[in-house]
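Engineer: Before I ask anything, here is the structure I am working with.
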Amino acid sequence: MRLINIILQNLSKRPLRSTLTTSGIALAVASFIALVGLSRGLEYAWMKNLMDRDTHILAYSAGSVELLTGSMDEGLSDALLQIDGVRDVAGELIDLISLDYGLAILISGWQPDCYLWQSLQIKEGHLPTLQEKQGAVIGRQLAKSINIRPKDKITIRDQSFVVTGIFEQGSAMSDGMLILFLPAFQELLGRPGKVTAFNLRLEHPENFKNLERVVKNLFNRFPEIQFTETRQITKNNKVLKILRAMAWSTSAIALLMGLFMVLNTLMMSVNERTREIGILSAIGWSSSRILTMIVIEGLFMATGGILLGSGLGIGLLKWLAGLPQVQGFIEPQISLSLILEVSAAAIFLGIAGSIYPAWRAVKLNPIDALHYE
Amino acid sequence: MYNAIIQLEGVSRYYDGNCVKALEDLTLRVDYKEWLTIIGPSGSGKSTLLHLMCGLDRPSHGHVFFEGKEPRSIREWTHLRSRKIGFVFQSFNLLPTLTTLENVALPMFELVHSAKQRRSNAMDLLERVGLANRAHHRPPQLSGGERQRVAIARSLANSPTLILADEPTGNLDSSSAKSIMGLLKEIHIKEKITIVLVTHNPSMMNYDDRLIKIIDGSIV
């Protein structure tokens, strides 16, 4: 007989209570994975979108909380190109627009001759030619959602555009976008000569020192513009910081509730087993062994919750990311580090929730425990 | 070297803020290999005395020595109970969800780290008390006499030098009671284990080397 057998028997003596507690922890773990996975998914989708285009630095209005609200003169691209180390500059106008289909989608307007078009992997049709001023290309995912094929027309704010091709980049945000020529989009939005951001491609992006030097020169020359390296773009964004904080706070609350469930279950369990604990002490079981037994019971429930919750959380995250309202914005991020983080949190709460009941158990006077009814 | 396994000096035990007296200024010595019977009416303090002898309870005043040393903490007493003291309760105090084999093996967790060894040792003890064929039954499936045999086997788990038995036949019929007393006597003689037995039944007084009587918390 091993200690583990006694522990499993203790848990199985109250199967409903043990199951409910484990389920509570599982829900906390699942919500952590889903919420944090969603916020990280949004960050990852954005970052990958930029990396797919071969953009090394994104430039946008300094002080803007939300990127989409920024506005800069399109003509700045010539000045940006003068900076040593900058190979290409592509102005971009971005906005979130509701279509008649009831979907809100990201639409991007690119300068007709910029490098960004070359980064698109056209799967059907072709890129719009310079003559096709109302031409557009659409991401595979969006095309599927709204059932659009090459040569179909799409109406945006009463203006008609012709889809010339469908592209597929392999990332949620990219494949959920519609891309027009910049002048047509500027006319549509009533923002002539304006862009939201500039995409910068550098000459030697692999050289970290070169990257730093270029960014420093850009900051000095254009203090009114924020320059962020692609990989850092999500860290500095204030809206994403708020989303991250909200995801973490909500998850923390769920985990705290899980902690109280473990505490409550084990308090009740210890109370019911007072006499049994007295017997164990009377026959010579040390306080540390009794304490270990109760803490391991808590750990068992936490582990069960982690396994169940991980499966639930991953399923929930994938389902949420597949919802039409969310498609095109989020790429579900289920990394090993996320699972390990939540596992560590759940194990901590398994231990924390069992320490007090265990301490109470070993503090009992053995004879009082033996006489407990 | 000392002859006394247990020594109580000026021990008193009160409850409810000194309102209820269980024992008063009691001095007692128990020698090695002795069989001591403690007799007295119900409520005289017999069980309290036994509990003080193994640290299940602490005296309000006085000192309790085990093998010449005074254990100061719960931890020290627990250490002694796991290695040197076995206890047999009137109500058996077996864990109903464990088998008899598992109940007997329970005290061995502190000293025997191999599960296989614990199982083997427990089976040997059950054979000694004549219950090897009931190893995989649970206490509710056993008679009163059988449960007390399991409890005795459990008390022998770590080869103690002292067994304290609190009314071990209190819940048994006369035939089972006689059988249990015979088993304890056999253990006392063969293993040379000191036994302190508490009873209020005069028919249980024929096994001892020494008899003391307690009335109203004092030795008469």
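The values are calculated or read from the model by the stated rules, or taken from the named source; none is laboratory data. Keep in mind that what you see is a predicted model, and the values were worked out from it rather than measured. Virtual Cβ from ideal backbone geometry, glycine too; neighbours counted across all protein chains shown.
Engineer: B:S82 - would you say it is polar (S, T, N, Q), crowded, with 20+ Cβ neighbours inside 10 Å and touching an Asp or Glu at 6+ places or on another chain (Cβ under 6 Å)? Spell out the reasoning first.
Structural biologist: Values: polar (S, T, N, Q): yes; crowded, with 20+ Cβ neighbours inside 10 Å: yes; touching an Asp or Glu at 6+ places or on another chain (Cβ under 6 Å): yes.
Here the answer is yes, as B:S82 does meet what is asked.
Engineer: In segment A:259-290, which residues are of a type in the set (A, V, I, L, M) and more than 12 Å from every other protein chain (Cβ to nearest Cβ)?
Structural biologist: Correct list: A:L259, A:M261, A:V262, A:L263, A:L266, A:M267, A:M268, A:V270.
Engineer: Which of the helices (runs of 4 or more DSSP H) contained wholly in segment B:83-196 include at least 1 residues that are within 11 Å of chain A (Cβ to nearest Cβ)?
Structural biologist: Values: elements: B:100-105, B:115-128, B:144-155, B:174-191.
The qualifying helices (runs of 4 or more DSSP H) are B:100-105, B:115-128, B:144-155.
Engineer: Additional query: Looking at A:I355, is it surrounded by fewer than 24 Cβ atoms within 10 Å (Cβ to Cβ), at pLDDT 90 or above and under 30 Å from B:D57 (Cα atoms)? Give the steps one after another, and end with the answer.
Structural biologist: Details: surrounded by fewer than 24 Cβ atoms within 10 Å (Cβ to Cβ): yes; at pLDDT 90 or above: no; under 30 Å from B:D57 (Cα atoms): yes.
So A:I355 does not fit the description; no.
Per-residue answers, yes or no, for (1) of a type in the set (D, E, K, R); (2) within 17 Å of B:H188 (Cβ to Cβ); (3) in contact with a His (Cβ under 6 Å, 6 or more places away or on another chain):
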residue	(1), (2), (3)
B:A4	no, no, no
B:S12	no, no, yes
B:D25	yes, no, no
B:K46	yes, no, no
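Engineer: OK, next. If you check A:I294 against the conditions, is it away from chain B (no Cβ under 14 Å), under 38 Å from the mean Cα position of the chain (by Cα) and within 30 Å of B:I85 (Cβ to Cβ)?
Structural biologist: Details: away from chain B (no Cβ under 14 Å): yes; under 38 Å from the mean Cα position of the chain (by Cα): yes; within 30 Å of B:I85 (Cβ to Cβ): yes.
Yes: the conditions hold for A:I294.
Engineer: Please state which one of A:L16, A:L67, A:L96 is surrounded by fewer than 21 Cβ atoms within 10 Å (Cβ to Cβ), hydrophobic (A, V, I, L, M, F, W, C) and under 30 Å from B:P96 (Cβ atoms).
Structural biologist: Working: A:L67 fails: under 30 Å from B:P96 (Cβ atoms); A:L96 fails: under 30 Å from B:P96 (Cβ atoms).
So the residue among A:L16, A:L67, A:L96 that is surrounded by fewer than 21 Cβ atoms within 10 Å (Cβ to Cβ), hydrophobic (A, V, I, L, M, F, W, C) and under 30 Å from B:P96 (Cβ atoms) is A:L16.
Engineer: Just to confirm my filter: which helices (runs of 4 or more DSSP H) fall fully inside segment A:1-110 and include at least 2 residues that are away from chain B (no Cβ under 14 Å), within 24 Å of A:A254 (Cβ to Cβ) and among the hydroxyl-bearing types (S, T, Y)?
Structural biologist: Passing ranges, in order: A:15-52.
Engineer: Just give me the residues in segment B:150-159 being more than 10 Å from B:F87 (Cα to Cα) and surrounded by fewer than 24 Cβ atoms within 10 Å (Cβ to Cβ), in sequence order.
Structural biologist: As a first pass, look at segment B:150-159 and keep what is more than 10 Å from B:F87 (Cα to Cα): B:150, B:153, B:157-159.
Answer for segment B:150-159, where residues must be more than 10 Å from B:F87 (Cα to Cα) and surrounded by fewer than 24 Cβ atoms within 10 Å (Cβ to Cβ): B:N158, B:S159.
Engineer: For residues that are closer than 11 Å to A:T22 by Cβ and surrounded by 20 or more Cβ atoms within 10 Å (Cβ to Cβ), scanning just segment A:301-316, find the one that is farthest from the chain's Cα centre (by Cα).
Structural biologist: In this case the residue turns out to be A:M301.
Engineer: Now for a different question. If you go through segment A:312-332, how many residues are in contact (Cβ under 8 Å) with a residue 12 or more places away in the chain and in a helix (DSSP H, G or I)?
Structural biologist: Count: 8.
Engineer: Among the residues of segment B:7-60, how many are hydroxyl-bearing (S, T, Y), more than 14 Å from the chain's Cα centre (by Cα) and away from chain A (no Cβ under 12 Å)? Spell out how you get there, then give the answer.
Structural biologist: Our first condition is that a residue be hydroxyl-bearing (S, T, Y); within segment B:7-60, this holds for B:12, B:14-15, B:27, B:32, B:37, B:42, B:44, B:47-48, B:60.
Keeping just the survivors that are more than 14 Å from the chain's Cα centre (by Cα) gives B:12, B:14-15, B:27, B:32, B:42, B:44, B:60.
If we keep only those that are away from chain A (no Cβ under 12 Å) too, we end up with B:12, B:14, B:27, B:32, B:42, B:44, B:60.
Number of matching residues: 7.
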